Amino acid sequence: MMLMRMARPRLAAGRGWLQRAPLSTQESRDLLLDIDRRHGQSFTYHAEQDLAANDGRPLVLMIGWLNSRQKHLKRYTDLLYNPLGMDVITMLPRPNHVLLPSHSRAAAAAVAELITGPMAQGRPILIHGFSVGGFIWGCTQMHLKDNDMIQKAQENLRGVVLDSPVDIEGIPYGMSSASFTNPAAVALMTALLQGVLALNRPALRLYHQSSTTFKQNPLALPQLVIFSHFDPITDADRIEQVMTGWESQGHDVTRCIFDDSEHVMHMRRYFDDYKRALENFVLPKFAST
């Protein structure tokens with residue numbers, strides 16, 4: 001496991017980041033509701049504390065795994081990010097985000113607006129994606145690139161954390177495992193989804209486009225990748241190839257590798273190691289200047 005030296009236990013609000021009057025906690029929640037109405041994507045705001053203005057506090061956009069729930073992501077919010085003085089916005093991916101290209105693009109548009117719009121002004125932002133959250137992040141980068149928003153997004157984004165990222169080949173098995181626990185049902189659903197996706201050319205084309213953009217990392221952001229060799233959904237060898245490609249482009253990549261933890265269960269099994277790796281990655285990049 002590659003870990004960086006820890007900086008300090010808590011992040012202070014950075015006055016130097018402020019570009020305009022900061023939104024209050026309630027204004028931020030109202031803005032998320034507006035994005036929800038226009039894009040059909042539900043976000044939840046977890047403030048470190050309710051304040052009249054966010055005062056430039058760092059912001060984490062957390063994209064969960066398939067069929068994850070708020071109670072699952074709240075553990076990461078409460079135990080990792082809020083204690084550092086960071087607010088968190090959570091998004092819960094559902095099967096339609098993966099199976100229907102129109103929903104994938106709507107999610108990407110919503111995320112892109114969130115990280116470049118009024119809520120992002122004056123706030124350094126971290127992306128934390130789990131499993132298929134990497135696919136949604138790839139779609140988001142496509143949207144940013146196609147709409148000339150890369151530079152705008154780079155003004156606020158400081159890094160990306162990828163926990164158990166899944167590439168194209170892992171999607172059918174990942175979706176099946178998220179829906180069933182019976183091995184026979186998982187195998188049957190995996191085969192069914194592989195057949196459906198093979199016939200769904202628009203979805204298949206989007207998967208390949210998202211995967212290509214994901215590997216290009218057009219925002220050139222530092223990445224912390226957390227995965228396990230024991231995980232049957234995340235292909236460790238494929239992820240290593242992607243990270244090697246990023247490094248060959250001169251991008252900052254940090255690995256956190258476990259030997260025997262299951263898909264998106266790394267924090268649950270190795271909390272101290274997970275927390276240390278996250279803080280060593282996050283704190284130097286978000287320290288106020």
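The values are calculated or read from the model by the stated rules, or taken from the named source; none is laboratory data. The structure presented is a predicted model; accordingly, all values stated were derived computationally and were not measured. When we count neighbours, we look across all protein chains shown, and the Cβ atoms used for this are built from the backbone with ideal geometry, even at glycine.
At a glance:
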quantity	calculated
Matching residues, segment 211-234, being assigned to a strand (DSSP E or B) and closer than 22 Å to Leu283 by Cβ	Gln223, Leu224, Val225, Ile226, Phe227
Residue count for segment 54-80, restricted to those that are without any contact (Cβ under 8 Å) to a residue 60 or more places away in the chain and within 14 Å of Phe271 (Cβ to Cβ)	1
Given (1) out of contact with any strand residue (DSSP E or B) (no Cβ under 9 Å at 6 or more places or on another chain); (2) at pLDDT 80 or above, index of the condition Ile226 fails	(1)
Residue check for Leu61: farther than 23 Å from Asn217 by Cα, aliphatic (A, V, I, L, M) and at pLDDT 95 or above	no
Ala112 vs. criteria more than 14 Å from the chain's Cα centre (by Cα) and of a type in the set (Gly, Ala, Ser)	no
Long-range neighbours under 6 Å by Cβ, at least six apart or interchain, first residue part of a helix (DSSP H, G or I) and among the basic types (Lys, Arg) within segment 94-108, second at pLDDT below 95 and surrounded by fewer than 17 Cβ atoms within 10 Å (Cβ to Cβ)	none
Test: Asp237 is part of a loop (DSSP other than H, G, I, E, B) and either under 18 Å from Val132 (Cβ atoms) or at pLDDT below 90 (or both)	no
Given (1) crowded, with 18+ Cβ neighbours inside 10 Å; (2) farther than 22 Å from Arg75 by Cβ, number of the condition Gly250 does not satisfy	(1)
Some residue of segment 264-271 being without any contact (Cβ under 8 Å) to a residue 24 or more places away in the chain and assigned to a loop (DSSP other than H, G, I, E, B)	yes
Filter pass, Phe214 being surrounded by 15 or more Cβ atoms within 10 Å (Cβ to Cβ), in contact (Cβ under 8 Å) with a residue 12 or more places away in the chain, over 30 Å from Pro183 (Cα atoms) and touching a helix residue (DSSP H, G or I) at 6+ places or on another chain (Cβ under 6 Å)	yes
Evaluation of Ala184 against (1) assigned to a loop (DSSP other than H, G, I, E, B); (2) modelled with pLDDT under 95 (one fails), failing number	(1)
Subset of segment 62-82 [closer than 19 Å to Ala110 by Cβ and of a type in the set (Phe, Trp, Tyr)]	Trp65
Among (1) over 27 Å from Thr234 (Cβ atoms); (2) more than 15 Å from the chain's Cα centre (by Cα), the one test that Asp87 misses	(2)
Residue in segment 41-54 that is among the charged types (D, E, K, R), surrounded by 13 or more Cβ atoms within 10 Å (Cβ to Cβ) and modelled with pLDDT under 85 present	yes
Count - residues of segment 96-134 that are among the basic types (Lys, Arg), surrounded by fewer than 20 Cβ atoms within 10 Å (Cβ to Cβ) and under 25 Å from Ala287 (Cβ atoms)	0
Residues of segment 187-211 that turn out to be under 21 Å from Ser68 (Cβ atoms) and either modelled with pLDDT under 70 or aromatic (Phe, Trp, Tyr) (or both), as a count	1
Where Lys285 falls short, out of the listed (1) assigned to a loop (DSSP other than H, G, I, E, B); (2) among the charged types (D, E, K, R); (3) in contact with a strand residue (DSSP E or B) (Cβ under 8 Å, 6 or more places away or on another chain)	(1)
Filter result (without any contact (Cβ under 8 Å) to a residue 60 or more places away in the chain and either on the phi > 0 side of the Ramachandran plot or assigned to a helix (DSSP H, G or I) (or both)) within segment 81-93	Tyr81, Asn82
